[in-house]
């Protein structure tokens with residue numbers, strides 16, 4: 001299934017407005033809830049590139065694929081050149097010769113001109129190679145084999161790029177899923193810390209409970225930072241296959 005990579009869980013505009021109202025005092029929210037809403041407004045931005053879009057961009061912009069396409073065009077040109085050498089040649093020729101004087105001979109009282117001072121020649125020329133030691137046929141076959149080999153190399157490179165882009169895309173999806181879990185864990189622990197702090201201030205819970213909660217929150221934030229770094233790495237790896 002080709003799912004669109006998109007993380008849009010909530011409305012960023014609504015979240016930002018809600019946080020601003022809370023900062024102005026019109027809405028009462030806990031610090032943990034405020035951080036949660038702001039983090040969602042910053043991180044949950046939609047990524048509207050599907051796997052098919054990424055593959056299309058890679059085929060259009062990847063340098064390796066573009067170079068192999070140019071090489072295939074050159075192989076086609078060489079094959080056409082080799083074939084054209086076996087075809088008849090039709091051309092036009094022309095010449096002009098000027099002498100110092102006419103060339104002729106005298107016959108009694110008359111002078112007969114054999115070659116005029118100005119001589120013009122024009123005509124069409126047709127050449128058809130018949131046999132040149134098999135070189136033309138050998139050149140044609142060699143160009144055909146070269147072209148077939150280049151086409152096969154193009155397909156192999158395109159398949160490799162397709163595999164790499166697909167793997168990077170799926171890895172990015174997994175990294176985003178882990179980050180979502182890490183963010184939700186931090187949000188829960190922040191809310192729990194807020195509640196425990198109230199209970200400790202009221203004397204209902206011992207101070208050790210608050211310290212234990214803050215330790216768990218610090219570990220969860222560390223895991224969330226690692227998940228954020230993993231998402232950035234996977235996105236950078238995906239972009240490396242789409243050269244601009």
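Worth pointing out:
- Subtracting the Cα-Cα distance of residue 167 and residue 138 from 0.36 nm times their residue separation leaves 6.1 nm of extension gain.
- Fully extended contour minus Cα-Cα distance, from residue 194 to residue 228, at 0.36 nm per residue: 9.8 nm
- Taking other C-beta atoms within 10 angstrom as a stand-in for reagent exposure, 236, 162, 213 fall in the order 236, 162, 213, fewest first.
- Structural descriptor for segment 86-244: relative contact order 20 percent, calculated from alpha carbon pairs under 8 angstrom and at least 6 residues apart.
- Between the alpha-carbon centres of segment 74-104 and segment 139-155 there is a gap of 30 Å.
- Theoretical gain in end-to-end length, residue 145 to residue 56 [0.36 nm per residue, Cα-Cα removed]: 29.1 nm
- Normalised by the number of residues in segment 181-226, the mean separation of alpha-carbon contacts (under 8 Å, six or more apart) gives a relative contact order of 53 percent.
- Inter-site label distance for residue 96 and residue 66 at 7 Å from Cα along Cβ, in nm: 4.9 nm
- Segment 147-237: translational diffusion in µm²/s, Stokes-Einstein, Kirkwood Rh over Cα pairs, 20 °C, 1.002 mPa s: 132 µm²/s
- Approximating the spin labels as points 7 Å out from Cα along Cα→Cβ, the residue 181-to-residue 160 distance works out to 3.4 nm.
- Projected label distance in nm at residue 152 and residue 119, using a 7 Å step from Cα toward the beta-carbon: 5.8 nm
FYI, it's all coordinate maths here, none of it is from the lab. Quick caveat: nothing in here was measured; it's all calculated off a predicted structure. Ideal geometry is used to build each Cβ from the backbone, glycine not excepted, and the neighbour counts take in all protein chains shown.
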